[in-house]
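Trainee: Starting off with a structure, shown below.
Nothing in this text is a laboratory measurement; each read-out follows from the coordinates by a stated rule. Since the model is a prediction, treat every value here as computed from it, not as a measurement. All Cβ positions, glycine included, derive from the backbone under ideal geometry; neighbour counts span all protein chains shown.
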Amino acid sequence: MQLFVLALLPIAAIVILIVLIAKTTSNSTRIGTLEWEIKKLHDLEHHVNELSISVDELRKHIEGWKQPPLRKKEVEKAAMSAEQAAQPSVPTPSVATPTSAPKQRVVPAPTPSRTREEWEALIGGKLLNRIGALALIIGIGFFLKYAFDNDWIGETTRVLLGALFGLACLAGGYRTNKRGFQIFAQGLVGAGIAILYLSVYAAFNFYQLVPQWVAFVLMAIVTVIAFLSGLYYGSLAEGILGWAGGFLTPILLSTGQANEVGLFTYLVLLDAGLVAMVMKKDQWAILEPLAFVGTWLMYVMWRSEYYTDGDLWLTIFFVTAFWVLFLLPDVVRSRKATAGDRFRQAVPVLNALFYFLAMYFLIDTNNHGWMGLATLLMGVASFSVVVVQQRRGNLRDEFRARYTLTALAFLVIATAIQFSDFDTVIFWSLEAAALIWFSGRWKERYLQTAALVLFGCTVFKLLFLTGDALAYSPIRSYVLLFNHRTLSFAILVGSLGFSAFTVDRSAGVEHRRISDLLHFAWCLVLLLLVSAEVYDFFRFKMLDQLPEIQGRLSYFRFMTFAVVWITVSLPLAWVGLKKKLAPVMIGGLACALLAVVFVVVKGIAFEPIDSFLPVVNIRAISLLLVATGLLLHSQFMQKAPDAFDWSKDLIGFVQAGTALVVFVLLTGETRDFFQRDIASLMQQEAIPTPEVRHLTNLQQMWLSGIWLLYSGALMAAGIWRKHRGMRLIAIALFGIAILKIFIYDLSFLETVYRIVSFVALGALLIAVSYAYQKYKDIIGGKA
């Protein structure tokens, strides 16, 4: 018996919570409805004002058209009036003539705060009623406890008295409502429903007077009474009470046994009733998310305790029924916005999410192969809703966007479930490109945004979640270009490029920014692809090789990087200039810059020096190819000087880079011609021998001479071609040669080599000075 009394306390707390929720939600929904009606009233008033203005203008136009022409005397009188008006006169207050009023939007007046009388009516008429009903329930509970403790009333009589008292409260509420005491009636009805719930609970759980199925039916009947009372009295509190009692019934009447069919059938019927109530009374919108939360909480509680693998298909059926139940009201509202939408915005999204999670944990554990298909079917179902509703017309934009994005999310997730690593990258790339195409065709901006997000996920997946994206594994199975990694990179590059050119067709600054981003992206992915292929090609070649050969292949790899990058940069720069695509042009120049940096840094000293052959070596070939590529870049930009505002300014930098690469080539070949013999002698002797010092002097003298000859050749070419850039580069190289000769050669070379260095320097500088004097007209002219 004490358990019965203790059970009163949590249920009483639930009743208090119900009352507070009912009060808050009822006020907010009424305010929302009132704001909705005020907005419609203002719009109507605005249209009436516009119509009135149009009628006035039409009337004036008709009156002017009907006015007869002025007679001669009237014309003379009008002229005299004009002359009098031209003379100065005492100003008189002007009277504004009626004109068409400007269109103004009527601002609704702020809602006044409650008066003291209203607060008194709220507290005395409503709040005290709710508290009184709760106190009545608790008081009766204590009375019954006292009576039960003293054995005044038997078990059956106790339950019957509770049921009769609950029915009496319902009858009293009905009669008082007829007399106009609506709020008092609602309190009695709420108390009666709570007492009926307690009576049925006590009959089953405390006294075992009825079997479970009877108690279940009785609880369901009480829930139906609560819903019908809420509709009849127009009280959201009774509706929420029915919701609470409906979802507490399975918990209160649980016997600890798994009864999936009975439990979920009851939940389906309960949800159907709640959804029907919400569709009938839109002001009760909060019942929809409450029913959603209650249903999935019950499902999670049941699954965590009772689910077995044998329940798979039956559970899938009921889970799908839950999803459909909460999908239907949103579909019905797909054409018309309602005042209660703000309470239901999250339900459709969460409904799809919870349905997917439920299906995933049901299917994926033992049937992973079917999970991808199941997820795809969810996406097809969501998109089918959009198609069907679209054909019926007047579909709300937010509804279309929500269900289309839901379908896309299911498609993306299905791809990730069904495929892995590079296959996922391939399909995601194609899906994102298709979204870009559809966004342009259907003029739906959200599809474009979804495509950009998917491209970002694809790149992240490729670079960070795929283990062998930049280092192929296993390396022994690697085949240059013809491998899975290359295919995925290539499809991603193609998808990004296709999307960029598709977006280019759209006008507007925002679309231009998106296309620039996509162009940058495909250029970057292409650069990563060719770099990864070069890197893994040499990794494969180094397998099982001696350290000496590995060192040589490592140096070859650096040179190959530079050659591949300069090769890739040429078509990028050409396309960028041809199509006036700045991101592609910048990508090509970035590749060229990387090539120059690598070849200059690693091109000074050949490795290993003992295998050096003058001119016929990988370093010389790489430097020549990079220099040739830079010359082609310069030619491209000179042929299209107006492609970009900044392209003219870059021509000089590209030419300077070409001169630098050739300078490194000459320096490296000259240095290593002597360095090979110097290194060979140093391996034989611990200290430098006279022969080593002789070779070192020759090396430095020839370096100075080569630098001077190269500078002189550039100066001659600059004068002959009337090219100021070449002349400036030659002067800069002259400066480097002068510093070397005056600092290094003067300090470290022997006398004979110093004489040769300084004589050559002086002769060449005098010759250059003479050329400047002789060809000063050419030099001073247009370069």
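Trainee: Per-residue counts of other Cβ atoms within 10 Å, averaged by peptide: what ranking do you get for 715-724, 193-202, highest first?
Mentor: 193-202, 715-724
Trainee: Report D for region 438-490 in µm² per second (integer): Stokes-Einstein, Kirkwood Rh on Cα pairs, 25 °C, 0.890 mPa s.
Mentor: 187
Trainee: Please express the shape of region 646-724 as an equivalent ellipsoid: the semi-axes are the square roots of 5 times the eigenvalues of the C-alpha gyration tensor, given largest first in whole angstrom.
Mentor: 37, 14, 7
Trainee: Using only Cα atoms, what Kirkwood radius does region 419-544 have, in angstroms?
Mentor: The Cα-based Kirkwood calculation yields 15.2 Å.
Trainee: Hey, another quick one. Applying a 10 Å radius around every beta-carbon, put 667-677, 624-634 in order of their mean neighbour count, most first.
Mentor: Listed from highest to lowest mean packing, they are 624-634, 667-677.
Trainee: Hey, another quick one. May I ask you to derive the FRET efficiency for Arg392 and Val349 from their Cβ-Cβ distance with R0 = 25 Å, giving the value to the nearest 0.05?
Mentor: 0.65
Trainee: For region 499-572 and region 386-443, write down the distance between their C-alpha centroids in whole Å.
Mentor: Distance between centres, Cα-based: 30 Å.
Trainee: Go ahead and run the numbers for FRET between Arg513 and Phe464, Cβ-Cβ distance against an R0 of 35 Å, rounding to 0.05.
Mentor: 0.90
Trainee: Another question about this same structure. Multiplying the sequence separation of Lys443 and Ser506 by 0.36 nm and subtracting their Cα-Cα distance, what value in nm do you get?
Mentor: So the chain would gain 21.7 nm between Lys443 and Ser506.
Trainee: Set the Förster radius R0 to 30 Å, insert the Cβ-Cβ distance between Leu481 and Phe419 as r into 1/(1 + (r/R0)^6), and round the FRET efficiency to 0.05.
Mentor: Taking R0 as 30 Å, the efficiency between Leu481 and Phe419 is 0.85.
Trainee: Taking Cα atoms of region 558-617, Rg/Rh with Kirkwood Rh, to two decimals?
Mentor: A ratio of 1.17.
Trainee: May I ask you to list the residues of region 299-332 whose amide nitrogen lies under 11 Å from a point 7 Å from Cα along the Cα→beta-carbon direction of Val268?
Mentor: Zone members listed by number: 314-325.
Trainee: Put one equal scatterer on each alpha carbon of region 685-783, apply the Debye formula with no solvent term, and list log10 I(q)/I(0) at q = 0.19 1/Å to two decimals.
Mentor: For region 685-783, the Cα-only Debye profile gives -0.86.
Trainee: Would you mind ranking Ser429, Ser680, Ser304 so that the residue whose beta carbon has the fewest other beta carbons within 10 Å leads the list?
Mentor: Ser304, Ser680, Ser429
Trainee: Given the peptides 267-273, 635-641, 518-524, arrange them by the average over their residues of other C-beta atoms within 10 Å, most packed first.
Mentor: Result, highest mean first: 518-524, 267-273, 635-641.
Trainee: Can you put Leu681, Leu546, Leu405, Leu454 in order of Cβ neighbours within 10 angstrom, beginning with the fewest?
Mentor: If I rank by nearby Cβ atoms, fewest first, I get Leu546, Leu681, Leu405, Leu454.
Trainee: Which distance in nm do the two modelled labels at Leu624 and Ile221 give, with both placed 7 Å along the Cα-to-Cβ direction?
Mentor: About 10.3 nm separates the two model spin labels.
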